[in-house]
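Student: One structure, as C-alpha cells, below. Some questions next.
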Amino acid sequence: MADISHPPMEQLQDLEYCIDSNPTWVETFILAFQNYILMLGTTVMIPSALVPLMGGSYHDKAIVIQHLLFASGWNTVLQTFCGTRLPVVMGGSYAYYIPVLYIIGDSSLQKISDPHQRFLQTMQAIQGSLIVASIIPIFLGFSKVWGLFSRFFSPLGMAPVVGLAGLGLYNRGFPAVGNCVEIGIPMILIVIALSQYLKHIRPVEDIPIFERFPILICVSIIWVYSHILTSAGAYKNAPDNTQYSCRTDRAYIISSAPWFRAPYPGQWGAPTFHPGHVFAMMSAVLVSMIESTAAYKAASRLAIATPPPAYVLSRGIGWQGLGILSDALIGTGTASTVLVENVGLLGLTKVGSRRVVEVSAGFMIFFSFLGKFGALFASIPFPIFAGLYCVLFGIVGSVGLSFLQFTNMNSMRNLFITGISLFLGISVPQYFNEFSLFSRHHLPVNTHAGWFNAFFNTIFSSPPTVGLIVAVVLDNTLDVEKSKKDRGMPWWAKFRTFRGDNRNEEFYSLPFNLNRCCPTT
C-alpha cells in the first residue's frame, strides 16, 4: 500500500511558476497575449447575443464589445492589485443573461419603434439596475460579511461548487463545437496533442513552447484553416447558423468597429432606474459572487497559493462590486465575473504568475481603444473557443474535485453530500435550460411578476449556485459535530484567517504597504 499511497497535498507541485514568481519578460508578454486571446470568446459572444435584441446595429455591437473589453481590463487590474491578488481575468458574465432579457422585454421599451432609441433606452435601464445592484457585493465584501459566510465552507462543501464552476459550463463546450465540427474538433485534438503529448519538445532555448503557448499556436492554425475554408466557398450554400459559426467574415465586427474610440461613462445617456429591473439584476449579482468565489478557490490552487482566507475573499468580492459599478457606468450590457476559461489556462500552461495576468489586462485596455485591431482578433469563429473550453473547463472541474482528497470519502455521509450536490447542480440548471428551449416563451418560474421570475430563474440556472445551496446546507446540518475531521475542517481551519498561515501574507498582502489602510482582521 505504501507504494501506491498519495497523501493529500496543500499545494500542487508540478507547476512551473507560482503566483509571485515570473517568467522572463518576453515569455510574460506572449503568455499575457494568450490570456487576452482566450477571453475574447466570452467578450464577443455576450454582446453578439444581446445587442441585436435591444435594437442595436452592428456598429452598436462593436462599440459594446470595446466597452466590455476595456471594463474587463480595468476590473482585472483592480482584482490583481487590490482584490484577491490572484491571477484571474475578469470579464463579462452569462449570469446576467436572464435579467437583461427581462429588461429587454419590458413593455415600455418594446413600444419604442425606432431601433436605435430602443437600444439606447434599454442600455440606460441596464446601467441603472447594475448601479443599484452593485451595492450588494460592495457591502458584503467591504463589510466582511461574505468572509463570515465563508466560515460555513469546508473542503467537502466547496468541492462540488468549484467542480460545477467548470463542469457546469458543458453547454458552452461541445454543443458549440457541434455548430462547426470541421474546425471545433481539430481544435480539441491539436490542443491535447501539443499541451500533453508534445510538451517535452523544446525547439527554442529549452523553453517548452508547445506546453507554454498552446492557445496561440492552435488558434493561429485553426483560424487560418477556417479562413481557407471560407475563401474556398465551403459554406457558400450552408444554412445561416453554419455560416455564422464557421465563416470568418460573418461577424461584421471589423467593418463596424471604429478605428479609435475611448470608452467613457454616460455614452448611452443617463441611467434609468426601475425597481423590477433592479431586483432582477440582484439575482445575477449574487450568482456572479458565488461563481467568482468558486473560481478564486480554483485559481489559488492552480497558482500554487494557499486557499484565500475569509478576509481576502471579502476583499475580492468588494472590489468585484466596484468593478460591476464601473461596468454600469461605462455601459457594457453585462457585468463582471472571473472567467473560468482563463483559470483553466493556468493549469494548462503551468504558469500561475500574477504578472502575466496584469500584463494581459494592459492588452485588453490597449485594444479596446484601437477598434479595428481589437475587432480583428474578436472575429475568430466561436467554435474555436468552444474547442478550447472543452479542455479548460474540464481542468477547473477536476481542481474542484481535488478538494475531496482532504476529506474522508469512505464516509457514506460525505458520499451522499457530494453525489447529490453534483447531480442536482447539473440537473436543475439543465431543466431550466431545456424548459426555456422548448417553451420559447416562459421559464419554469412563471408568475405575473416578471422581476420575480427573472430572479429565481437566474438563481436556479447557475450550476455553482445550486451546488452551493445543496452542498453547504447539507454539510452544515448533517452530523456536523461528529464529522469535522471527515469534512476536512482541520485542514481548512488554518487558512480561514489571514494570520493562520505565514504563506498567506506572501501571497495576498497588498502592494505599497496598503495593508496599513486595510486591516486584515
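Student: I'd like the full set of residues that are closer than 15 Å to THR337 by Cβ and of a type in the set (S, T, N, Q), limited to segment 38-79.
Tutor: Once the filter is applied, which keeps residues that are closer than 15 Å to THR337 by Cβ and of a type in the set (S, T, N, Q), segment 38-79 yields THR42, THR43, SER72, ASN75, THR76, GLN79.
Student: Same structure again: Here are some conditions: (1) within 22 Å of the chain's Cα centre (by Cα); (2) surrounded by fewer than 23 Cβ atoms within 10 Å (Cβ to Cβ). LEU53 meets all but one. Which one does it not meet?
Tutor: Looking at each condition in turn, LEU53 falls short on (1).
Conditions (1) open to solvent by 10 Å² or more (accessible area, probe 1.4 Å); (2) in a helix (DSSP H, G or I); (3) out of contact with any Ser or Thr (no Cβ under 7 Å at 6 or more places or on another chain); (4) of a type in the set (A, V, I, L, M), marked per residue:
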site: GLY91; (1), (2), (3), (4): no, no, no, no
site: TYR102; (1), (2), (3), (4): yes, yes, yes, no
site: SER108; (1), (2), (3), (4): yes, yes, yes, no
site: THR122; (1), (2), (3), (4): no, yes, yes, no
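Student: Checking the conditions here, which among ALA159, ALA176, ALA165 is open to solvent by less than 40 Å² (accessible area, probe 1.4 Å) and either touching a Ser or Thr at 6+ places or on another chain (Cβ under 7 Å) or not in a helix (DSSP H, G or I) (or both)?
Tutor: Values: ALA176 fails: either touching a Ser or Thr at 6+ places or on another chain (Cβ under 7 Å) or not in a helix (DSSP H, G or I) (or both); ALA165 fails: either touching a Ser or Thr at 6+ places or on another chain (Cβ under 7 Å) or not in a helix (DSSP H, G or I) (or both).
Residue meeting the stated conditions: ALA159.
Student: For the condition open to solvent by less than 10 Å² (accessible area, probe 1.4 Å), among the aliphatic types (A, V, I, L, M), more than 30 Å from ALA270 (Cα to Cα) and within 16 Å of the chain's Cα centre (by Cα), what is the one hit in LEU345, LEU339? Before the answer, list the steps.
Tutor: Details: LEU339 fails: more than 30 Å from ALA270 (Cα to Cα).
Result: LEU345 is the single residue among LEU345, LEU339 that is open to solvent by less than 10 Å² (accessible area, probe 1.4 Å), among the aliphatic types (A, V, I, L, M), more than 30 Å from ALA270 (Cα to Cα) and within 16 Å of the chain's Cα centre (by Cα).
Student: Would you point out the residue of segment 399-441, among those that are exposed (fewer than 12 other Cβ atoms within 10 Å of the Cβ) and part of a loop (DSSP other than H, G, I, E, B), that is modelled with the highest pLDDT?
Tutor: Restricting to residues being exposed (fewer than 12 other Cβ atoms within 10 Å of the Cβ) and part of a loop (DSSP other than H, G, I, E, B), the top hit is ASN410.
Student: Still on this model: Of the numbered conditions (1) open to solvent by 30 Å² or more (accessible area, probe 1.4 Å); (2) more than 25 Å from the chain's Cα centre (by Cα), PRO208 satisfies every one except a single condition; which is it?
Tutor: (1)
Student: Restricting to segment 309-357, count the residues that are under 25 Å from SER143 (Cβ atoms) and in a helix (DSSP H, G or I). Walk me through how you get there before you give the answer.
Tutor: Taking segment 309-357 as the starting set, the residues that turn out to be under 25 Å from SER143 (Cβ atoms) are 309-329, 335-338.
The next check asks that each one be in a helix (DSSP H, G or I); those that pass are 310-329.
The qualifying residues number 20.
Student: Among (1) within 21 Å of VAL278 (Cα to Cα); (2) among the β-branched types (Val, Ile, Thr); (3) open to solvent by less than 10 Å² (accessible area, probe 1.4 Å), there is one condition THR80 misses while meeting the rest; what is its number?
Tutor: (1)
Student: Hey, another quick one. Does THR80 count as more than 30 Å from GLN110 (Cα to Cα), out of contact with any Phe, Trp or Tyr (no Cβ under 6 Å at 6 or more places or on another chain), of a type in the set (Ser, Thr, Tyr) and in contact (Cβ under 8 Å) with a residue 40 or more places away in the chain? Give the steps one after another, and end with the answer.
Tutor: Values: more than 30 Å from GLN110 (Cα to Cα): yes; out of contact with any Phe, Trp or Tyr (no Cβ under 6 Å at 6 or more places or on another chain): yes; of a type in the set (Ser, Thr, Tyr): yes; in contact (Cβ under 8 Å) with a residue 40 or more places away in the chain: yes.
It is true that THR80 is more than 30 Å from GLN110 (Cα to Cα), out of contact with any Phe, Trp or Tyr (no Cβ under 6 Å at 6 or more places or on another chain), of a type in the set (Ser, Thr, Tyr) and in contact (Cβ under 8 Å) with a residue 40 or more places away in the chain.
Student: Find the helices (runs of 4 or more DSSP H) located wholly in segment 213-308 whose residues include 1 or more that are open to solvent by less than 20 Å² (accessible area, probe 1.4 Å) and modelled with pLDDT of 90 or more, and list them.
Tutor: By residue number, 214-231, 275-302.
Student: Just wondering, is there one or more residues in segment 483-495 that are open to solvent by 80 Å² or more (accessible area, probe 1.4 Å), among the acidic types (Asp, Glu), modelled with pLDDT of 80 or more and farther than 25 Å from ALA284 by Cβ? So that I can check it myself, show each step before the final result.
Tutor: Of the residues in segment 483-495, the ones open to solvent by 80 Å² or more (accessible area, probe 1.4 Å) are 484-485, 490.
Applying the additional criterion that residues be among the acidic types (Asp, Glu) yields none.
No, that holds for no residue.
Student: Going by the conditions given, is PHE33 part of a helix (DSSP H, G or I), open to solvent by 50 Å² or more (accessible area, probe 1.4 Å) and not acidic (Asp, Glu)?
Tutor: no
Student: Then there's this: Quickly run through segment 460-482 and pick out the residues that are open to solvent by less than 20 Å² (accessible area, probe 1.4 Å) and either of a type in the set (Asp, Glu) or in a helix (DSSP H, G or I) (or both). Show your work before the answer.
Tutor: Going through segment 460-482, the residues open to solvent by less than 20 Å² (accessible area, probe 1.4 Å) turn out to be 462-468, 471-472, 475.
Within segment 460-482, PRO463, PRO464, THR465, VAL466, GLY467, LEU468, ALA471, VAL472, ASP475 qualify.
Student: Assess whether ILE112 counts as being touching a residue at least 24 places away in the same chain (Cβ under 8 Å) and assigned to a helix (DSSP H, G or I).
Tutor: Numbers: touching a residue at least 24 places away in the same chain (Cβ under 8 Å): yes; assigned to a helix (DSSP H, G or I): no.
So ILE112 does not fit the description; no.
The values are calculated or read from the model by the stated rules, or taken from the named source; none is laboratory data. Since this is a predicted model, take the numbers as computed values, not measurements. Note that we place each Cβ from the backbone using ideal geometry, even for glycine, and neighbour counts take in every protein chain shown. Heads up: the accessible areas ignore ligands, DNA and RNA and are worked out on the full protein's heavy atoms, side chains in. Shrake-Rupley method; radii C 1.70, N 1.55, O 1.52, S 1.80 Å.
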